[in-house]
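The values are calculated or read from the model by the stated rules, or taken from the named source; none is laboratory data. Since the structure is predicted, the reported quantities are computational estimates derived from the model, not experimental observations. Don't worry about glycine lacking a Cβ; one is built from the backbone with ideal geometry, like all the others, and counts go over all protein chains shown. Note: accessible area is taken over every heavy atom of the protein model, side chains too, but ligands, DNA and RNA are not part of it. Shrake-Rupley method; radii C 1.70, N 1.55, O 1.52, S 1.80 Å.
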Amino acid sequence: MSHFARHLEHHTIVNPFPGIAKLEAALGHRIGARIGSNESMAKPASPLTAEFGEMMTELARLYPDPYAHGLRQRAAAHNRVDPSQVLFDTGADSLILLALRLACNVGDAVVCTAGTYPTFRYFAEGVGARILEVPYQQQGDRLQADLPRLAEVARAERAAVLYLANPDNPSGHYWSADDILALRETLPSSTLLLLDEAYVDFCVDAQDAPPQGALPNTLRLRTLSKAYALAGLRVGYAIGPQHIVAKADQIRPQFALSSFAQLAAQIVLDDPDYSRQLIAATIHLRDKLSDALRARDLVVMPSHTNFVCIAYRDAASSEAIHRQLLSDGIAVHRPPHPAVRHLLRVTAQPQALSAKVMAALAEG
């Protein structure tokens with residue numbers, strides 16, 4: 001059973017501007033003259049042409065496909081689901097907000113781990129949800145979400161949404177497919193599991209394979225920011241049951257994903273070697289960075305992402321190092337939540353291995 005916000009439960013919202021691609025599909029033939037969308041003329045020559053070329057200029061002039069049909073088909077094939085089980089939006093962040101708008105009434109409970117990806121809380125506050133946080137579990141050098149406790153709170157509070165980042169941000173911990181499926185089974189059927197898989201592309205070992213397909217009352221979020229290097233274009237997608245995707249499509253800003261972003265995403269998705277090579281290079285650098293930090297006696301958490309997370313003895317130590325790095329023009333991430341202020345998150349980039357950064361990170 002899926003739970004939608006009360007005003008959406010029995011109300012179908014019809015998009016007044018479904019776009020040319022949907023119209024062509026309904027008609028069964030191409031539209032050769034686009035004179036109904038009030039788009040600009042192609043002339044006089046745009047100043048964009050000299051900078052970006054004619055293709056970019058034309059993409060900028062025309063409205064995009066609101067439903068990103070080409071991308072849906074590619075993502076569906078990649079994930080072995082039906083295109084009706086996929087929807088695209090402007091990055092995983094926008095999809096988090098979309099899921100909360102879809103499932104939450106003001107005052108509904110939502111559950112997450114204290115200190116996990118903070119955008120979830122940021123958007124949950126904006127929709128008026130009641131946010132319930134469960135502390136991380138400490139397991140040796142690892143911080144991991146407490147799945148039994150998360151499910152327990154969701155059941156007790158009849159939560160509309162349970163958010164889980166897998167792999168986690170900022171800890172880098174990853175739960176297996178069996179763990180995720182077991183979590184879904186223990187949740188109320190009306191609780192939407194919002195499974196943020198933004199870093200799952202870096203889980204390349206066979207034993208790390210994520211669950212397959214669309215899971216019941218679950219939205220699985222993916223991004224092309226990390227493993228496809230499109231962070232600046234804001235392209236993300238969700239995988240979920242067809243009826244949830246269809247309802248989400250009714251309230252999603254339809255023209256948000258630009259024509260250029262859609263084309264760029266299609267190009268990188270059509271070149272699997274590009275992503276594989278980028279992932280392999282990132283993992284190699286991440287492991288090299290982890291080894292270098294551990295060699296300096298730092299506590300580095302195991303990571304299934306494109307970053308490493310360092311745990312310092314207290315928040316004061318991480319703050320001092322963070323301030324020093326910023327004063328030197330070096331930005332690493334210090335999570336804002338009080339539960340994880342002792343952490344610093346460092347992206348696997350060549351600059352992270354510089355002697356200057358290494359020396360500063362080891363000062364704690």
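Values as computed for the structure displayed
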quantity	calculated
Residues that are open to solvent by 80 Å² or more (accessible area, probe 1.4 Å) and either closer than 23 Å to LEU257 by Cβ or part of a helix (DSSP H, G or I) (or both), drawn from segment 9-22	THR12, VAL14, PRO16, PHE17, LYS22
Residue match in segment 82-93 (condition: open to solvent by 40 Å² or more (accessible area, probe 1.4 Å), more than 30 Å from LEU193 (Cα to Cα), in contact with a Lys or Arg (Cβ under 9 Å, 6 or more places away or on another chain) and not hydrophobic (A, V, I, L, M, F, W, C))	no
Elements of type helices (runs of 4 or more DSSP H) contained in segment 109-196, each with 1 or more residues being under 20 Å from the mean Cα position of the chain (by Cα) and free of Cβ contacts under 8 Å to residues at least 24 places away in the same chain	119-126
Selection within segment 279-320 - crowded, with 20+ Cβ neighbours inside 10 Å and outside any strand (DSSP E or B)	THR282, ARG286, LEU289, SER290, LEU293, MET301, SER303, HIS304, THR305, ASN306, TYR312, SER318
Residue in segment 321-331 that is in a strand (DSSP E or B) and under 25 Å from ALA229 (Cβ atoms) present	no
Residues satisfying the stated conditions in segment 321-346, i.e. farther than 26 Å from ALA145 by Cα and open to solvent by 50 Å² or more (accessible area, probe 1.4 Å)	ARG323, GLN324, LEU326, SER327, ASP328, GLY329, ALA331
Contacts under 8 angstrom Cβ, first residue in segment 42-69 being among the acidic types (Asp, Glu), partner in a helix (DSSP H, G or I) and open to solvent by 60 Å² or more (accessible area, probe 1.4 Å), 6 or more apart	ASP65/LYS22
Selection within segment 82-107 - in a loop (DSSP other than H, G, I, E, B), in contact (Cβ under 8 Å) with a residue 60 or more places away in the chain and over 16 Å from the mean Cα position of the chain (by Cα)	ASP82, CYS104, ASN105
Tally of residues being within 16 Å of the chain's Cα centre (by Cα), surrounded by fewer than 19 Cβ atoms within 10 Å (Cβ to Cβ) and aliphatic (A, V, I, L, M) across segment 230-255	1
